[in-house]
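Structure first, commentary second.
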Amino acid sequence: MIKSMTGFGSARGTCGKLEVSIELRSVNNRYLDCTIKMPRLFNPLEESLKGVVSKHISRGKVDVYVSVDSSGADDIEIKVNRPLVKAYVSALSSIAEENGLSGSITVADLTRFPDILQVEKREIDPEQLCAGICAILEEALIGFCDMRRREGEKLGRDIAARLGEIERLTAMADEVSPRSVAEYRKKLETRMCEALQTAGIDESRMLTEAAIFADRVAINEETVRLRSHIAQLHGLLGSQEPVGRKIDFLVQEFIREANTIGSKGNDAEMSKIIVDLKAEIEKIREQAQNIE
């Protein structure tokens with residue numbers, strides 16, 4: 001089943017006490033081009049997130065937007081410098097004893113001294129943070145890939161219908177081609193009679209000329225190859241693998257065969273068939289630009 005290169009997906013979740021929101025958008029591109037946009041603090045996770053994306057997407061311009069809300073995170077911790085507290089208590093007690101001072105040491109007294117209390121920001125476990133955000137990205141990719149599959153189904157149906165029309169036009173070209181040889185033989189005979197002013201024409205010469213013309217305008221090889229390409233493209237439409245580049249290549253082969261048939265055709269009916277054939281091939285080429 002083919003997939004479109006355009007899509008959208010989103011997901012929200014929590015990672016520890018962080019609120020994380022992820023959106024993905026993609027458009028057509030010849031190769032995979034993934035851009036991660038997120039707060040600078042989380043830049044070390046970029047390669048891991050790109051790795052998750054590349055497991056699901058092989059072609060397209062993909063933008064991933066990661067927003068993080070840390071307003072609800074309880075990430076402030078106050079630590080007591082216990083060795084320093086003991087040192088201050090010991091020093092104050094010594095001063096009181098040596099100088100015959102009375103009074104007790106309170107907590108409020110101690111907190112006035114520098115470095116007794118230290119305010120620190122809790123560090124988030126990098127591996128846990130990476131795993132959490134990657135899990136949210138995987139969830140966003142589920143909806144993203146579903147949308148690309150639905151779009152791909154529409155593209156596949158359209159291409160299949162156009163392949164049917166190309167097959168019909170190919171059959172018409174096969175039918176018209178022998179007529180042109182017969183018409184050429186008839187015209188050749190008429191011209192030779194007019195030139196020689198007699199009905200006595202060398203039949204062997206006539207057959208030779210007709211055979212040369214028939215060989216020059218024969219399209220059997222081209223139509224056989226064209227039908228082979230049609231069958232291959234039908235097979236690609238049912239593939240589970242990314243087939244966009246293969247379809248691009250096949251379409252070029254379609255165009256080559258159509259051009260060759262057109263160069264051999266020499267009457268109005270064949271010219272009309274080739275115009276219609278090229279129009280259908282061009283529409284497939286346009287659709288192929290959207291396929292992964």
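The values are calculated or read from the model by the stated rules, or taken from the named source; none is laboratory data. On a predicted model such as this, the values are computed, not experimentally measured, just so you know. Positions of Cβ are backbone-derived with ideal geometry, glycine not excepted, and every protein chain shown enters the neighbour counts.
Could you pull out the residue among Arg162, Arg227, Arg157 that is modelled with pLDDT of 75 or more and touching a Lys or Arg at 6+ places or on another chain (Cβ under 8 Å)?
Details: Arg227 fails: touching a Lys or Arg at 6+ places or on another chain (Cβ under 8 Å); Arg157 fails: touching a Lys or Arg at 6+ places or on another chain (Cβ under 8 Å).
Of the residues listed, the single one that is modelled with pLDDT of 75 or more and touching a Lys or Arg at 6+ places or on another chain (Cβ under 8 Å) is Arg162.
Listed here are the residues, each with its yes/no results for (1) surrounded by 20 or more Cβ atoms within 10 Å (Cβ to Cβ); (2) at pLDDT below 90; (3) at negative phi.
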site: Gln232; (1), (2), (3): no, no, yes
site: Leu236; (1), (2), (3): no, no, yes
site: Gln240; (1), (2), (3): no, yes, yes
site: Glu253; (1), (2), (3): no, no, yes
site: Ile261; (1), (2), (3): yes, yes, yes
site: Lys264; (1), (2), (3): no, yes, yes
Next item on the list: Filter the stretch 237-262 down to residues that are under 16 Å from the mean Cα position of the chain (by Cα) and either free of Cβ contacts under 8 Å to residues at least 40 places away in the same chain or part of a helix (DSSP H, G or I) (or both), then give me how many there are.
Entry: 7
Next item on the list: Take the residues in the stretch 110-126 that are exposed (fewer than 14 other Cβ atoms within 10 Å of the Cβ) and within 17 Å of Val68 (Cβ to Cβ), then tell me which one is modelled with the highest pLDDT.
Entry: Pro126
Check: Mind checking which residues of the stretch 23-77 are modelled with pLDDT of 95 or more and among the aromatic types (Phe, Trp, Tyr)?
Finding: Tyr65
Next item on the list: Identify, from the list Val80, Val20, the residue that is over 30 Å from Lys246 (Cβ atoms), outside the structural domain of Lys154 (by TED's automatic domain parsing), β-branched (Val, Ile, Thr) and at pLDDT below 85.
Entry: Val80
Checklist line | Residue check for Asp63: free of Cβ contacts under 8 Å to residues at least 60 places away in the same chain, under 30 Å from Glu292 (Cβ atoms) and either surrounded by 14 or more Cβ atoms within 10 Å (Cβ to Cβ) or aliphatic (A, V, I, L, M) (or both) | finding: yes
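Please tell me if Asp69 is acidic (Asp, Glu) and farther than 19 Å from Leu129 by Cβ. Write out each step before concluding.
Working: acidic (Asp, Glu): yes; farther than 19 Å from Leu129 by Cβ: no.
Judged against the criteria, Asp69 is not a match.
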Check: From the set of residues in the stretch 46-60 that are within 20 Å of Glu139 (Cβ to Cβ) and among the basic types (Lys, Arg), which is surrounded by the fewest Cβ atoms within 10 Å (Cβ to Cβ)?
Finding: Lys55
Notebook entry, point to check: Within the stretch 1-45, can you find the residues that are surrounded by fewer than 17 Cβ atoms within 10 Å (Cβ to Cβ), touching a Leu at 6+ places or on another chain (Cβ under 9 Å) and among the hydrophobic types (A, V, I, L, M, F, W, C)?
Noted result: Met1, Phe8
Check: Quick one: in the stretch 269-292, which of the residues that are in contact (Cβ under 8 Å) with a residue 24 or more places away in the chain and aliphatic (A, V, I, L, M) is surrounded by the fewest Cβ atoms within 10 Å (Cβ to Cβ)?
Finding: Ile274
